[in-house]
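This report refers to the structure that appears directly beneath it.
The values are calculated or read from the model by the stated rules, or taken from the named source; none is laboratory data. On a predicted model such as this, the values are computed, not experimentally measured, just so you know. Here the Cβ is made from the backbone with ideal geometry for all residues, glycine too, and neighbour counts use every protein chain on show. Heavy atoms of the whole protein, side chains included, go into the accessibility calculation; ligands, DNA and RNA do not. Shrake-Rupley method; radii C 1.70, N 1.55, O 1.52, S 1.80 Å.
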Amino acid sequence: MSESILEVKNLIKYFPITKGILSKPVGAVKAIDDISFTINKGETLGLVGESGCGKSTTGRCILRLLEPTSGQILFNGQDIAKLDSSEMRLLRKDIQIIFQDPYASLNPRLTIGDMIAEPMRNFGIGTRKTQEKRVQELLEIVGLSSYHTSRYPHEFSGGQRQRIGIARALSVNPKLIVCDEPVSALDVSIQAQVINLLKDLQKEFSLTLLFIAHDLSVVKHISNRVAVMYLGRIVELADYKNLYKEPMHPYSQALFSAIPIPNPGLKKNRILLEGDVPSPINPPSGCNFHTRCPQALDICRHEKPVLKEHKTKHLVSCHNLDSEQRRCKGTDKTSLPINY
Amino acid sequence: MKTIKDINTGTTPQPLTDEKLEIAGGLWQDTFKRLKKNKIAVFGAIIIGILFFCAIFAPFLAPHDPENGLLKDRQQPPSEKYLLGTDSQGRDVLSRIIHGAGISVQIGVISVGIALLIGTTLGVLSGYYGRWIDVGIMRLVDIMLAFPTILLALAIVTVLGPSLKNAMIAVGIVNIPRFARIVRASVLSVKETEYVEASKAIGCTDMQIIFRHVLPNCLAPIIVQATLTIGTAILEAAGLSFLGLGAQPPMPEWGAMLADSRGYLRQAPWSVMYPGLAIMLTVLGFNLLGDGLRDALDPRLKE
């Protein structure tokens with residue numbers, strides 16, 4: 001369980017903004033600004049945050065669909081950020097992705113059978129016969145019928161299409177699947193079906209998932225651990241139970257207080273944040289949340305907080321907690337406050 | 001429908017089962033249905049149908065020899081023997097027009113084929129790879145577009161020497177920019193779709209992505225452009241022939257027929273009028289069908 005399959009270290013992705021005919025760089029959108037995390041074998045890591053905080057960019061960088069600006073992405077100890085394109089192509093067998101929009105992620109000109117068999121053909125897995133058989137198996141596994149192979153995507157509903165996307169990702173027996181908001185385009189009832197399908201598949205094939213979403217209840221349902229992102233950085237990373245029960249970062253606290261509770265009698269302590277998310281082109285100095293943080297200190301304006309363990313397996317990046325701990329523990333600045 | 005399947009399976013050939021062909025491509029079935037409802041497009045299709053019919057069966061349809069006339073019958077007005085009259089050398093205008101249909105079809109198909117092949121290649125390279133390849137190709141295309149088409153075609157034929165074959169090559173080259181630009185534009189938009197990203201994620205090579213995922217989804221505008229360009233290509237080739245740089249006498253090419261007979265406009269107007277009408281109707285037919293196809297393929301006009 002604790003053996004890591006993917007380790008992301010100091011990943012940075014800037015999208016340059018260019019101007020004029022000479023494409024002079026005039027700035028950069030800091031989509032991911034130095035994030036690090038680990039995914040263990042067989043677990044599901046949820047990645048949450050609001051729109052534009054860099055969740056999907058992270059997923060796409062891990063698959064090298066986007067080239068990371070810098071940083072390391074260690075997959076089973078191999079740095080995939082440094083592979084050339086043909087080496088990367090071979091590695092894609094082990095890392096697959098399920099896309100957000102099931103209407104956009106299937107080529108309208110291919111039959112379902114061709115589509116699901118395509119990854120196997122690309123990697124030369126099996127003969128035509130075994131591929132066909134596997135396609136039919138996969139369709140049954142994801143809850144469709146084997147006679148669907150000769151149909152085209154437009155003949156299916158959104159939920160069915162997402163199942164096709166899942167079958168395509170599964171066809172090459174990947175070790176890690178990046179789920180990029182796989183249910184946000186679906187109806188709530190279908191969402192549950194697809195999520196449960198993913199859970200079942202994970203159990204059956206011992207898959208590791210990176211589950212990107214903005215729906216906190218969905219993430220809670222499927223994840224073992226959850227990372228909260230804000231403006232290109234991870235602000236908190238913890239076991240889902242601890243995080244949902246007791247979020248420590250002020251941003252997470254505000255975020256989790258926004259989860260609707262289906263009980264009108266219950267009084268909620270809703271934390272409302274002021275203002276908008278700052279532009280990732282010119283993020284605030286120091287802790288990039290300080291402009292909206294109700295507990296901002298002086299130090300937050302100047303110094304970037306570091307993501308570190310404040311409780312067992314509960315990583316938070318906040319000066320507030322640091323200073324609290326310093327107050328409790330004494331004066332030693334360098335000692336890492338573990339098991340506080 | 002079949003061509004689409006062919007392109008789809010181009011990289012990994014596989015036998016087409018009957019079942020697959022039956023259900024193939026809802027888009028194309030819808031398009032055909034909508035096209036059938038469009039009366040003007042159907043009219044265009046009928047004209048083109050007649051043209052192709054004449055082209056194929058010319059030897060059986062033409063009542064007289066198109067290249068050798070009876071000198072005693074020259075400049076005869078339309079009559080029972082010569083339905084559309086005869087020209088200055090006594091050749092039957094109707095027979096020449098019927099035989100000319102084949103030449104026009106050839107010109108249209110071959111020159112558009114040249115433009116389509118080269119233009120699509122350039123457009124795909126430019127749109128898919130971008131960066132300096134894009135800049136290089138598109139500037140070249142801009143230079144070509146800066147010349148008036150007929151002038152550029154004239155220059156090319158002058159270099160290659162006047163003949164029907166060279167006229168087709170010239171018209172083909174002149175039409176490359178249109179295809180390059182239209183293909184580049186659709187490749188640019190298709191390239192950004194999630195299914196192309198997905199194809200990268202499942203380990204497709206660039207060639208597989210282009211032929212399996214990008215090009216089949218760019219077909220609609222390419223087909224429309226090809227249909228419309230056949231019309232203009234025939235017109236341009238007729239123009240070159242009129243100037244004596246295309247088809248050489250006694251070939252019954254419509255543009256050349258106009259040029260041969262223009263001196264006798266007063267004495268024998270039929271020998272000028274009918275080839276001109278044939279050109280006009282053909283170009284009209286291709287334009288109407290092309291416009292109809294464009295409307296039928298546009299999903300925004302659905303229902």
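Points to keep in mind about this one:
- When region B:175-205 is filtered for residues that are closer than 23 Å to A:Asn173 by Cα and either open to solvent by 20 Å² or more (accessible area, probe 1.4 Å) or among the acidic types (Asp, Glu) (or both), the ones remaining, listed by number, are B:Glu194, B:Tyr195, B:Glu197, B:Lys200, B:Thr205.
- Qualifying residue in region B:222-236 (condition: assigned to a helix (DSSP H, G or I), over 20 Å from B:Met280 (Cα atoms) and touching a residue at least 60 places away in the same chain (Cβ under 8 Å)): yes
- Note on region B:239-254: residues that are outside any loop (DSSP other than H, G, I, E, B) and open to solvent by 10 Å² or more (accessible area, probe 1.4 Å) amount to 2.
- Selection within region B:96-142 - open to solvent by less than 20 Å² (accessible area, probe 1.4 Å), within 23 Å of the chain's Cα centre (by Cα) and within 16 Å of B:Asp206 (Cβ to Cβ): B:Gly123, B:Val124
- Search result, residues across region A:285-294 that are surrounded by 15 or more Cβ atoms within 10 Å (Cβ to Cβ) and not β-branched (Val, Ile, Thr): A:Gly286, A:Cys287, A:Asn288, A:Phe289, A:His290, A:Arg292, A:Cys293
- Verdict on A:Ser70 being more than 14 Å from A:Ile32 (Cα to Cα), open to solvent by 10 Å² or more (accessible area, probe 1.4 Å) and polar (S, T, N, Q): no
Matching residues to (1) more than 24 Å from A:Asn282 (Cα to Cα); (2) open to solvent by 20 Å² or more (accessible area, probe 1.4 Å); (3) not in a helix (DSSP H, G or I):
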{"position": "A:Val26", "(1), (2), (3)": "no, yes, yes"}
{"position": "A:Gly42", "(1), (2), (3)": "yes, yes, yes"}
{"position": "A:Gly59", "(1), (2), (3)": "no, no, no"}
{"position": "A:Leu74", "(1), (2), (3)": "yes, yes, yes"}
{"position": "A:Ala81", "(1), (2), (3)": "yes, yes, no"}
{"position": "A:Ile97", "(1), (2), (3)": "yes, no, yes"}
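Here is a yes/no grid of residues against (1) modelled with pLDDT of 85 or more; (2) of a type in the set (S, T, N, Q); (3) under 30 Å from B:Gly127 (Cα atoms):
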site	(1), (2), (3)
B:Ala233	yes, no, yes
B:Phe242	yes, no, no
B:Pro249	no, no, no
B:Arg266	yes, no, no
B:Gly276	yes, no, no
B:Asp291	yes, no, yes
B:Glu303	no, no, no
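- A:Phe37 open to solvent by 30 Å² or more (accessible area, probe 1.4 Å) and at pLDDT 85 or above: no
- Note on region A:92-110: residues that are over 20 Å from B:Lys191 (Cα atoms) and either at pLDDT below 85 or facing another protein chain (nearest Cβ under 9 Å) (or both) total 2.
- Qualifying positions in region B:73-95 - within 20 Å of B:Pro249 (Cα to Cα) and open to solvent by 70 Å² or more (accessible area, probe 1.4 Å): B:Arg74, B:Gln89
- Checking region A:65-73 against the condition returns a match, with at least one residue being among the hydroxyl-bearing types (Ser, Thr, Tyr), in contact (Cβ under 8 Å) with a residue 24 or more places away in the chain and under 23 Å from A:Tyr14 (Cα atoms).
- Qualifying residue in region B:207-224 (condition: more than 14 Å from chain A (Cβ to nearest Cβ) and open to solvent by less than 30 Å² (accessible area, probe 1.4 Å)): yes
Yes/no per residue for (1) among the β-branched types (Val, Ile, Thr); (2) surrounded by fewer than 20 Cβ atoms within 10 Å (Cβ to Cβ); (3) in contact (Cβ under 8 Å) with a residue 12 or more places away in the chain:
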| position | (1), (2), (3) |
| --- | --- |
| A:Met120 | no, no, yes |
| A:Val135 | yes, no, yes |
| A:Gly158 | no, yes, yes |
| A:Asp180 | no, no, yes |
| A:Asp200 | no, yes, no |
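- 1 or more residues over 21 Å from the mean Cα position of the chain (by Cα): qualifying helices (runs of 4 or more DSSP H) within region A:135-244: A:158-170, A:188-205
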